[in-house]
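Structure, as structure tokens:
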Amino acid sequence: MSLSPEEVRKIAHLARLAVTDEQVAAYSGELSGILDFVDQMSQVDTAGVTPMAHPQHATQRLRPDVVTEVNQRERYQKIAPAVERGLYLVPRVVE
Amino acid sequence: MHDRTIAELARALAAGEVSSVELTRAALDRIEAHDAEYNSFITVTRDAALAEAEAADEARAAGSAGPLAGVPFAHKDIFCTDGVRTSCGSRMLDSFVSPYDATVVRNMRDAGLVMLGKTNMDEFAMGSSNETSWYGPVKNPWDTERVPGGSSGGSAAAIAARLVPGATGTDTGGSIRQPASLCGITGLKPTYGRVSRYGMVAFASSLDQGGPMARTAEDCGLLLGAMAGFDPNDSTSIDRPVDDYRAALEGADVKGMKIGLPEEYFGEGMSAGVRAAVEGAAEQLRELGAETVEISLPHTEASVPTYYVVAPAEASSNLSRFDGVRYGYRCEDPQDVIDLYQRSRGEGFGAEVQRRIMVGTYALSAGYYDAYYLKAQQIRQLISDDFRRAFEQVDVILGPTSPTTAFRLGERSGDPVAMYLSDVYTIAANLAGLPGLSMPAGFADGLPVGVQLVGNYFEEGRLLGVAHRFQQATDHHRQAPAGVSD
């Protein structure tokens, strides 16, 4: 399994990671090595095996549909990089 | 006092021999004097610690203190602490002051334990050497040119250096047990679901589990008793009463116990010193009355590749929350929203975190899901079945924790796959959700060697009991790095 620099750029874009040309060169070698390594999984016969969803086969708990959280917007927005009048600021999305 | 265990400190506090303020101040002074050498703390919370210590002393005077009230300890910097920076070892969260407490933090606060600060760790718990931290590597107190292991390397080093008697850790593929082994301390990864993950920064949600690290099994039992419990805020927390670990230790015995030795754990790759320690531990347990039985865990070899699909896949999903918008690092002068995301993440995450996000993104991308994640979850089931069959024959499983002792700083940091293989013996317990414990079992070339015990679901008490009995008969866990006991 070998990832080309173009494939690495595509994956980095999907993951929203800005990468430099130098990083792309390093990552294509390293990621190819990791994928080669995980390809050892193909040696295991898994025909008919049910994929594990939870080690103890527990299922998701349900709870009554009632309000349990109070609004703490100011508290949570205090740690945001940029807010204005209760809104998170990002660069203009729609021209 | 810094050489005392948590159990001893709790007794000294109860007897009025020492106050929590005295203990806390002495520990803070030791951290200040010595931690430059180890870099085991990211944040020290002196004022808050002294206030907590004062409150613990008052509670004790009023007769309302629990048994651990006033004992100092530290949290791995992955647990959210209200009003205190929670960095997760990352530039991404360098400025993140958590607005709430993790359940584990609240539980330990309620028990009256005094937090001295937050310990260093591999970035987002991704690493086996503590070299991926934004705050620089942690040094192993046994040899400061060597790594302490990871990702809970700060906690392990701080305990080995006698800066704190105990600390929390988290373990996704060995991150409590491997550093415990490399630093000569005891660490326990509980059953998946035993300790709440609420407020513990997520790495791989189906594998992550918090647990205690300390010098002795007895102390790990005391800390686990304070940490564990059902939490409605964690959807995978198990609603089941917490065992009385203190009672499990009293009169703990291994007579007649069947201890499984998996043949796959004794093959190539294990260093001679580690092999000798594991064989020595097996012999010691036989002398104490246990019977050792050879068993097989046939899918052991597949566990590391399987893990390096499951963990990155879940990480790529979990870490998508870091977007430079709501909290954490934000790049300078973003041109548009995509640029904001990409540069905030490109600059905020280190190389190992980026590698894992990309491996996970690739494994989950269209057309690859069945070949990677689904296949990995099938192998996970086979690994779990191996353990289920083993526990039909034996009570606990004994093997090495790590294939080698502490390696040199920089030795493996250029080769991700070589680093991943550090966790070959610990990963399977995470994939199967089983409890695992590492305890000191000897030395090789002056460096500590740990051995691992794996138990069936919710048998933390049994693991702690075996380790406690072992520690009553041995003194490996009492050894300290040169100079730290002065």
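The values are calculated or read from the model by the stated rules, or taken from the named source; none is laboratory data. Every value quoted in this text rests on a predicted model; they were computed, and no experiment measured them. All Cβ positions, glycine included, derive from the backbone under ideal geometry; neighbour counts span all protein chains shown.
Can you work out which of the residues in the range B:18-75 that are acidic (Asp, Glu) and over 23 Å from the mean Cα position of the chain (by Cα) is nearest to residue B:114 (Cα to Cα)?
First, the residues of the range B:18-75 that are acidic (Asp, Glu): B:22, B:29, B:32, B:35, B:37, B:47, B:52, B:54, B:57-58.
Of the ones still in play, those that are also over 23 Å from the mean Cα position of the chain (by Cα) are B:22, B:29, B:32, B:47, B:52, B:54, B:57-58.
Numbers: B:22: 12, B:29: 15, B:32: 17, B:47: 11, B:52: 6, B:54: 10, B:57: 11, B:58: 13 Å.
Result: B:52.
Name the residues in the range B:322-349 that are in contact with a Gly (Cβ under 9 Å, 6 or more places away or on another chain) and more than 9 Å from chain A (Cβ to nearest Cβ), would you? Matches in the range B:322-349: B:322, B:348.
Conditions (1) modelled with pLDDT of 95 or more; (2) surrounded by fewer than 22 Cβ atoms within 10 Å (Cβ to Cβ); (3) under 22 Å from residue B:228 (Cβ atoms); (4) charged (D, E, K, R), marked per residue:
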position: B:34; (1), (2), (3), (4): yes, yes, no, no
position: B:41; (1), (2), (3), (4): yes, no, no, no
position: B:49; (1), (2), (3), (4): yes, no, no, no
position: B:103; (1), (2), (3), (4): yes, no, yes, no
position: B:117; (1), (2), (3), (4): yes, no, no, no
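Inclusion of residue B:291 among residues that are at pLDDT below 95 and either more than 24 Å from residue B:86 (Cα to Cα) or away from chain A (no Cβ under 14 Å) (or both) is not warranted.
Highlighted here are the helices (runs of 4 or more DSSP H) found entirely within the range B:319-423 that include at least 1 residues which are surrounded by fewer than 22 Cβ atoms within 10 Å (Cβ to Cβ), out of contact with any Cys (no Cβ under 7 Å at 6 or more places or on another chain) and at pLDDT 95 or above: B:337-348, B:351-364, B:375-393. Do we find a residue being more than 7 Å from chain A (Cβ to nearest Cβ), under 22 Å from the mean Cα position of the chain (by Cα) and in a helix (DSSP H, G or I) anywhere in the range B:294-303? Yes: one or more hits. Kindly establish whether residue B:209 is touching a Ser or Thr at 6+ places or on another chain (Cβ under 6 Å) and under 20 Å from residue B:456 (Cα atoms). Judged against the criteria, residue B:209 is not a match.
Within the range B:195-211, the residues that satisfy the criterion of being under 19 Å from residue B:439 (Cβ atoms) and in contact with a Phe, Trp or Tyr (Cβ under 9 Å, 6 or more places away or on another chain) are B:209, B:210. Residues that are of a type in the set (Ser, Thr, Tyr) and in a helix (DSSP H, G or I) within the range B:132-178 comprise just one, B:155.
Taking the conditions (1) within 25 Å of the chain's Cα centre (by Cα); (2) within 24 Å of residue B:235 (Cα to Cα); (3) loosely packed, with under 10 Cβ neighbours inside 10 Å in turn, residue A:76 satisfies each one other than (3).
Could you check, for the range B:396-405, whether at least one of its residues is outside the structural domain of residue B:94 (by TED's automatic domain parsing) and over 30 Å from residue B:478 (Cα atoms)? Before the answer, list the steps.
Filtering the range B:396-405 down to residues outside the structural domain of residue B:94 (by TED's automatic domain parsing) leaves B:396-405.
Cutting the leftovers down to over 30 Å from residue B:478 (Cα atoms) gives us none.
No, the range B:396-405 contains no residue that is outside the structural domain of residue B:94 (by TED's automatic domain parsing) and over 30 Å from residue B:478 (Cα atoms).
Criterion first (among the small types (Gly, Ala, Ser), outside the structural domain of residue B:243 (by TED's automatic domain parsing) and at pLDDT below 95) does residue B:438 satisfy it? Answer is no for this residue. Is one or more of the residues making up the range B:209-232 surrounded by fewer than 24 Cβ atoms within 10 Å (Cβ to Cβ), in the same structural domain as residue B:82 (by TED's automatic domain parsing) and at pLDDT below 95? There is at least one residue in the range B:209-232 that is surrounded by fewer than 24 Cβ atoms within 10 Å (Cβ to Cβ), in the same structural domain as residue B:82 (by TED's automatic domain parsing) and at pLDDT below 95. Taking the criterion of being surrounded by 12 or more Cβ atoms within 10 Å (Cβ to Cβ) and in contact (Cβ under 8 Å) with a residue 12 or more places away in the chain, would at least one residue in the range A:39-51 satisfy it? The answer is yes, given that some residue of the range A:39-51 is surrounded by 12 or more Cβ atoms within 10 Å (Cβ to Cβ) and in contact (Cβ under 8 Å) with a residue 12 or more places away in the chain.
Please determine, by comparing only the residues of the range B:239-248 that are surrounded by 19 or more Cβ atoms within 10 Å (Cβ to Cβ) and modelled with pLDDT of 95 or more, which one is farthest from residue B:469 (Cα to Cα). Within the range B:239-248, the match that is farthest from residue B:469 (Cα to Cα) is B:243. One residue stands out in the range B:219-246 among those that are of a type in the set (Gly, Ala, Ser) and touching a residue at least 12 places away in the same chain (Cβ under 8 Å): the one that is farthest from residue B:439 (Cα to Cα), namely B:237. Looking at the range B:399-408, which of the residues that are of a type outside the set (Gly, Ala, Ser) and within 20 Å of the chain's Cα centre (by Cα) is farthest from residue A:23 (Cα to Cα)? Among those that are of a type outside the set (Gly, Ala, Ser) and within 20 Å of the chain's Cα centre (by Cα), it is B:400. When the range B:363-396 is filtered for residues that are more than 10 Å from chain A (Cβ to nearest Cβ) and either closer than 21 Å to residue B:264 by Cα or in contact (Cβ under 8 Å) with a residue 24 or more places away in the chain (or both), the ones remaining, listed by number, are B:386, B:388, B:389, B:390, B:391, B:392, B:393, B:394, B:395, B:396.
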